[in-house]
1. Projected area of segment 239-381, taken from the Cα convex hull and averaged over every viewing direction, in nm²?
2. Based on the mean of other beta carbon atoms within 10 Å per residue, what is the order of 661-667, 278-284, 128-134, most packed first?
3. Compactness ratio of segment 477-608: Cα Rg over 2.2 N^0.38 Å, N = residue count?
4. With +1 on each Lys and Arg Cβ and -1 on each Asp and Glu Cβ, and nothing else charged, work out how big the dipole of segment 348-483 is about its Cα centre, in Debye to the nearest 20.
5. If you rank 355, 598 by how much accessible surface each has, with a 1.4 Å probe, what is the order from largest down?
6. Under a plain spin-label model, where a point goes 7 Å from the Cα along Cα-to-Cβ, how far apart in nm are residue 187 and residue 255?
7. For segment 222-300, build the charge dipole from Cβ charges (+1 Lys, Arg; -1 Asp, Glu) around the Cα centre, then report which of 271, 231, 258 sits farthest towards its positive end.
8. Can you give me the solvent accessible area of residue 266 with a 1.4 Å probe, rounded to the nearest 10 Å²?
Amino acid sequence: MAYDTNSTHPVGIATVRSSGNVPAEDASEYWERVLDITDVSEVLSRSLPNTYLIRLFDNLGNATWFAYDREQTASHNGTTILSDNNGRKFVLVGLGGVGFSIDANGTAAGRSAYDGEEANFVYFASDTRQVSTKQSSTSGDWSPWVDFQGPQGNTGAQGPLGDTGPIGPQGLPGPTSEELADREAWLSEVRMRDLIAGGAGDQKLRPSRYITALPGVDLSGVDVTALGTRYSVSPDGTLRATQAGTLRDAYDPLTGDYLGKLIEAEARANLIDWSEAFEAWSALHLGDVGDNYAKAPNGAFTAARLLINAGSGEHRVLRNVTTVAGTTYTFSVHVRALTGRYVTLGLSSSMFGSFHAASFDLQNGTSTQNNGTSGIEALSGGWYRIWLTGIATVSTTGAAFIYLNDGLDFTLSFTSNGTDDILVWGAQVEAGSYPTSYIPTHGAAATRPAESVSEDILGYIGGPEGTPGTNLIPHPEAFDHADWGKTNVAVTANSAEAPLGAGMAADRLTDNATSGTHEVLDVVTFGDGETVVASCFVREETLSHAQIVLLGSGNFIQACVDLSDGNIVASGQTGSGGAGELFSVGALPFPGGWYRLFMIGTLGPGITAATLRLRCHNGSTSNYVGSGQSIYAWGAKVEEDDALTPYNDKDVGHWFSPDQGTIYAEVGTPYGTEDGAIRFLSLSDGSTDEMFSITKAVDAGADVFFDVRSNNANAARFSGSGVSANSDVIRMALAVSANDFAQCINGGAVSTDTVGAMPVGIQRLLFGVNGNGGNPQAVYLRRFVYFPKRLPNAVLQALTRG
């Protein structure tokens, strides 16, 4: 057989040709000449995916197929077995034809059933993924097995850029650079939003309030008081200072996991006057006390070194503090082992009635104490924060001690080796049964003020409650009325439950297939240059955005809201004379997924009439090609005022439902030992008489309690045990309705209570305190979601599963 090889262009399924006619007996020379390349994969990568097949053509166009022999066991014979110039072998797998096909397949053992077939019969063993070919008509004359699928070849060159596909639907906003500091926090947020969007089955859950903590992002819509510089753990495990006015992001010091916003609702003072300058402390039997010796947990070069001397006795530093009898105090310090291993904290008996001490092993991270209680927390870089707690029995001045020790004991006087040393930084003595975040001092005691995070459920953005103002819109709840013009939109009256108890009165606005704006519009008149407030209740159906525009004589003000979360995504003003001015904009959440979108501004002097336009919006623009999607609308209003007023006398709250609801929270506890119960959050009338609250006890089970109080009595109470006492995230949901209460923690079993009245007069949401603002504690806040309906028990489990 001669091979008709007219070109040197390897194409398609590794078709190889060369100039000249090469007789079959010289196939090996032909092969070596054509495949004179360093890496056979240059040709093999053009084969079928993961299949190393090469074909040679004779002068009639018939193909001879060879497969790469991975085992390299067959001997080269120049006909059925070929070698390339690098010694790699290829075995004949088929002849005669321009294509390659499998004649039969089965297990390798099943090949014998075809022993009588003619030459070139191909058999594929599906269990070993190998092929074998009859070499002649002689029974059983099969070629050796050859792997049909070899290892993956090198990646080929990138092909040309394809045509641009159609634009897909807009997804969730991506994480900012700050949010990317903790991907898990972002993924948790995406998961929760997906769960809410999906709901139970086909039912969409519609929260009326959504507060979430993400790194570098302020909490939305809450009142925050955060004074002074405060410390928290950063993603790399070091302590980071956060300036006044901003809540702190907190991270696990060892894993870097995001824990949430750290809220310390209790003010604390550090009574140690020199928290980092240990040269100012009184030293005994130390070879050296050297400030600014090494890098401290806050990244500054301010850690001090304590070096033991070679003498006998106690080896320590001390600093005096003043205590008040009956008060619990916690003494803490950051320490790191160098050549020394053991350190002991002490509080003098003159203050505490008996000597309180706790010893710590800085190699194993363990501790023991002889009086009081103690704790140790591992930080990054080999640092620990250690602490000792006791109750003062005398109002006096006494000492807080830091000892270098030679064991995990309280034999503090010993003969030392003269070489052990440790690093110390950030000493703190504070009134309380656990250590709070570090408070630096520089010559005098210092106080970290309480952080307050709360939200007034009643009231209005831009002004107080009051009598509804005059509405300049004549038919504010009937968008199908002739007064309302329609552009590229169809109005279906009374299509959904309206807010404020108005019944089935909300209208559906559906866009059509026209390219342009899709809106309803009405003309209003007002005083020359007056400040006006334009608002409308809007709700998502299949479109997730809505826009209001007030346009007059070329000047306008506008605002667009994302109806999935109430965020204002666009707003502004302009005009031919530049006179349009927008003073305020917002979206107040209401039960049932409704938002009252509003804007306050002026169109400028000389303008006394304008058109209020309520537009469908696709999330990118209000000028688009419609596709039969819609929003719900109700209660449009334009008034001459400088503040938003209630729509009617039932418009008394932002998002809270007095009849039923579901409270969801993700929280954690910052410290391992708490004083009484941790108050995660409360919704109350300003007292503890009418209140919903979620707290955590300090017993062995670290029980979480859900309390519903009505008329100064417990209407319902649940407890869930087995929750970590430290910073682990706790996911909890409390569903409430008169005589129908339920709770679920971390996706566990749902507990129910079918007897009890609902609290009345709920006015405020508070974090870290009781309903009256008392018993302040520390909490990691991850998320708070409120649904204005009592969700089914199965949904409570889905929400809290994590």
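1. Values: hull surface 41.6 nm².
Average of the hull's projected areas for segment 239-381 equals 10.4 nm².
2. On the way: 661-667: 24.0, 278-284: 16.6, 128-134: 19.9.
Descending mean neighbour count gives 661-667, 128-134, 278-284.
3. Working: Rg = 15.1 Å, N = 132, 2.2 N^0.38 = 14.1 Å.
Normalised by 2.2 N^0.38 Å, the Cα Rg of segment 477-608 equals 1.08.
4. Values: 2 positive and 14 negative charges, 159 e Å.
Dipole of segment 348-483, to the nearest 20 debye: 760 debye.
5. Details: 355 65, 598 0 Å².
Correct descending sequence by accessible area is 355, 598.
6. Placing both labels 7 Å along Cα→Cβ, they lie 1.2 nm apart.
7. 258
8. 50
The values are calculated or read from the model by the stated rules, or taken from the named source; none is laboratory data. On a predicted model such as this, the values are computed, not experimentally measured, just so you know. All Cβ positions, even for glycine, are placed from backbone atoms using ideal geometry, and neighbour counts span all protein chains on display. These accessible areas exclude ligands, DNA and RNA; they are computed on the full protein's heavy atoms, side chains included. Shrake-Rupley method; radii C 1.70, N 1.55, O 1.52, S 1.80 Å.
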